[in-house]
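Working notes, structure below.
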Amino acid sequence: MPFDATGLQVLSRQECLDLLATADIGRIVFTDLALPAVQPVNFCLTGERIVIRTASGSKLAAATRHSVVAFEADEFDRRTRTGWSVTAVGQARAAVDPEEISQLAKLPLYPWAPGGRDHYIVVPIEQVSGRRITTAGLAQPAFKSSPGAP
């Protein structure tokens, strides 16, 4: 298993997809008024597509239409100081075909926020990368010995 220069395990494309499939919450990064914006979203991975359900008139729906976006999901255990992070990039699109919308509506994708969520954003994953921090990759703390200590 390869490690990067910082000691984090580099994940393969398949490992990244497998981890994304286990996450419920992620962050979508898009451009809003020429500035970067990040929004937490619940999502579902189907094949190599990230699917997000939102309101059709939302800022997210408007901002991601035919735009290149980044998506990030992670999981960390503070007690063991282990975890992973996966970042994906792709061109977002709105699902408009009634047959596709019908299929997406069957996904286990349930909005957390109140209100109607009848709009689906689909992000085909074009690039994906990930890192995992494991106990094997953790640097041991450096302790300075006091004067006179062996």
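Of all residues in region 69-85, none are among the small types (G, A, S) and outside any strand (DSSP E or B). Just wondering, is there one or more residues in region 12-30 that are in contact with a Gly (Cβ under 6 Å, 6 or more places away or on another chain), crowded, with 16+ Cβ neighbours inside 10 Å and not small (G, A, S)? Among the residues of region 12-30, at least one is in contact with a Gly (Cβ under 6 Å, 6 or more places away or on another chain), crowded, with 16+ Cβ neighbours inside 10 Å and not small (G, A, S), which makes the answer yes. For region 49-59, a residue qualifies if it is farther than 11 Å from A94 by Cα, surrounded by 14 or more Cβ atoms within 10 Å (Cβ to Cβ) and at pLDDT below 95, and the qualifying residues are A55, S58, K59. Counting the residues of region 71-107 that are under 30 Å from V10 (Cβ atoms) and open to solvent by 50 Å² or more (accessible area, probe 1.4 Å) gives 9.
Only residues that are at pLDDT 95 or above and under 19 Å from H119 (Cα atoms) were counted across region 10-24, and they come to 0. Scanning region 93-138 for residues that are small (G, A, S) and assigned to a helix (DSSP H, G or I) returns S102, A136, G137.
Taking first residues from region 36-48 that are assigned to a strand (DSSP E or B) and open to solvent by 30 Å² or more (accessible area, probe 1.4 Å) and partners that are among the basic types (K, R) and modelled with pLDDT of 95 or more, the Cβ contacts under 9 Å between residues at least 6 apart in sequence or on separate chains come to V38/R27; Q39/R27; P40/R27.
Here F71 clears all of (1) closer than 19 Å to G130 by Cα; (2) at pLDDT below 95 except the condition numbered (2).
Among the conditions (1) within 20 Å of P40 (Cβ to Cβ); (2) at pLDDT 95 or above, the only one that Q103 does not satisfy is (1).
In region 88-110, which residues are closer than 19 Å to L19 by Cβ and in contact with a Lys or Arg (Cβ under 9 Å, 6 or more places away or on another chain)? Selection gives G90, L107, L109.
The values are calculated or read from the model by the stated rules, or taken from the named source; none is laboratory data. Values in this document were obtained by computation on a predicted structure and should not be read as measured data. Cβ atoms come from the backbone with ideal geometry, glycine included; neighbour counts cover every protein chain shown. Quick note on the areas: whole protein, heavy atoms, side chains included, nothing else; ligands and nucleic acids left out. Shrake-Rupley method; radii C 1.70, N 1.55, O 1.52, S 1.80 Å.
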